[in-house]
Amino acid sequence: MSARKILEFNPAGPGLFCRHLEFLAKEQGWDLQFENHTEYSAEILETAEMAKVDFELSAMILPQLHIQPTLVRTVRSMDCFVKEDGKWYPRLYFYEALRKVLVDCARDLDIRVPAFVVGDTERARVVASVFAQIGFSEIYVVGEDKSRLAEQMEVLRRNHLGIKFHELLADELTIQSVSGSIIVNTLDVSQNKSLLSDLSYFNFLKRDGYVMDLNLMPYHNPLLEEAERAELRVLHPHLVAASLTHLWLEKLQLGASLKVEDLRESWKSFLKQISP
């Protein structure tokens with residue numbers, strides 16, 4: 001019996017999610033074969049069991065697809081292909097993984113005050129969409145590129161009526177007088193000292209606010225370390241990665257005995273192993 005093939009379409013090469021899934025498969029003895037492609041191909045997709053898709057490819061792939069689930073069509077983003085009844089469907093598992101972490105790990109999150117998301121890419125747009133879905137009525141989207149930020153805001157405002165979305169340049173963050181309950185960062189601040197400094201003021205958060213960073217590397221996250229020093233509550237990126245992995249394993253019908261808590265430990269072990 002041939003191995004079940006997992007594809008990844010990622011211009012940057014093998015991503016951390018599939019690298020961890022391969023690490024886990026070897027550890028558990030699952031017969032999975034992993035293949036990376038820098039460009040999307042519908043023909044190659046036909047040979048696979050599932051496929052991971054980099055967010056950046058969504059804009060190119062989605063116009064080619066006749067069938068799009070409501071969530072994918074609304075957020076205008078996807079992160080995987082799954083096969084159902086012999087047909088391939090784009091899905092946005094990251095959205096559900098993040099939503100579940102916020103619901104399970106931040107049960108007292110105050111949705112009556114604003115939420116902040118940092119980034120001007122599709123990932124930030126997905127985060128903002130999750131905020132809207134769980135009940136926030138006011139959301140600030142912080143970016144460094146004004147034109148790219150405007151593109152994300154246009155999609156968000158059109159598809160989430162009734163939500164107040166505010167676009168905010170990063171260097172204006174420290175002068176905000178609002179007090180939000182959470183900030184989720186999608187940008188790599190480890191190499192951007194100026195942005196890290198602006199975020200680390202945390203003057204825009206309540207004293208019991210949450211700080212989440214979605215960057216799995218570096219393992220010792222500079223923004224979360226600053227948040228801990230400021231005595232804010234932190235949500236580590238491996239929480240979302242574990243939740244996402246759990247969704248994949250359910251679809252692949254693998255690892256029924258593995259709980260989300262087991263996958264969190266697996267991610268921590270993997271990240272420590274590959275950390276410089």
| Restricting segment 162-189 to residues that are surrounded by 15 or more Cβ atoms within 10 Å (Cβ to Cβ) and polar (S, T, N, Q), which is farthest from the chain's Cα centre (by Cα)? | Gln176
| When you scan segment 226-262, how many residues do you find that are open to solvent by less than 10 Å² (accessible area, probe 1.4 Å), in contact (Cβ under 8 Å) with a residue 24 or more places away in the chain and either outside any helix (DSSP H, G or I) or farther than 30 Å from Asp198 by Cα (or both)? | 4
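Among the residues of segment 131-154, is there at least one that is under 17 Å from Val240 (Cβ atoms) and open to solvent by less than 50 Å² (accessible area, probe 1.4 Å)?
We begin by selecting, within segment 131-154, every residue under 17 Å from Val240 (Cβ atoms); these are 131, 133-134.
With the extra rule that they be open to solvent by less than 50 Å² (accessible area, probe 1.4 Å), the set shrinks to 131, 134.
Yes - at least one qualifying residue is present in segment 131-154.
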| query | Just one of Phe55, Phe23 is in contact with a helix residue (DSSP H, G or I) (Cβ under 6 Å, 6 or more places away or on another chain) and more than 30 Å from His160 (Cβ to Cβ); which is it? | reply | Phe23
| field | Criterion violated by Ser269 - all others in (1) in a loop (DSSP other than H, G, I, E, B); (2) without any contact (Cβ under 8 Å) to a residue 24 or more places away in the chain satisfied | value | (1)
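Based on what the data block shows, is Lys164 without any contact (Cβ under 8 Å) to a residue 60 or more places away in the chain and within 20 Å of Ile134 (Cβ to Cβ)?
Numbers: without any contact (Cβ under 8 Å) to a residue 60 or more places away in the chain: yes; within 20 Å of Ile134 (Cβ to Cβ): yes.
Answer is yes for this residue.
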| message | I'd like the full set of residues that are polar (S, T, N, Q) and under 15 Å from Val126 (Cα atoms), limited to segment 67-83. | response | Thr70, Thr74, Ser77
| remark: Note on Asn159: of the conditions (1) touching a residue at least 60 places away in the same chain (Cβ under 8 Å); (2) within 17 Å of Ser129 (Cα to Cα); (3) buried (at least 20 other Cβ atoms within 10 Å of the Cβ), unmet is (3)
| note | Of (1) over 20 Å from Phe131 (Cα atoms); (2) of a type outside the set (Val, Ile, Thr); (3) open to solvent by 40 Å² or more (accessible area, probe 1.4 Å), Leu195 fails just (3)
| said: If I filter segment 72-119 down to residues being modelled with pLDDT of 95 or more and of a type in the set (Asp, Glu), which single residue comes out as nearest to Ser243 (Cα to Cα)? | reply: Glu96
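The values are calculated or read from the model by the stated rules, or taken from the named source; none is laboratory data. Remember, it's a predicted structure, so these values are computed and weren't measured experimentally. Reconstructed Cβ throughout: ideal geometry from the backbone, glycine too, with neighbour counts over all protein chains shown. Just so you know, the surface numbers come from the protein's heavy atoms only, side chains and all, with ligands and any DNA or RNA stripped out. Shrake-Rupley method; radii C 1.70, N 1.55, O 1.52, S 1.80 Å.
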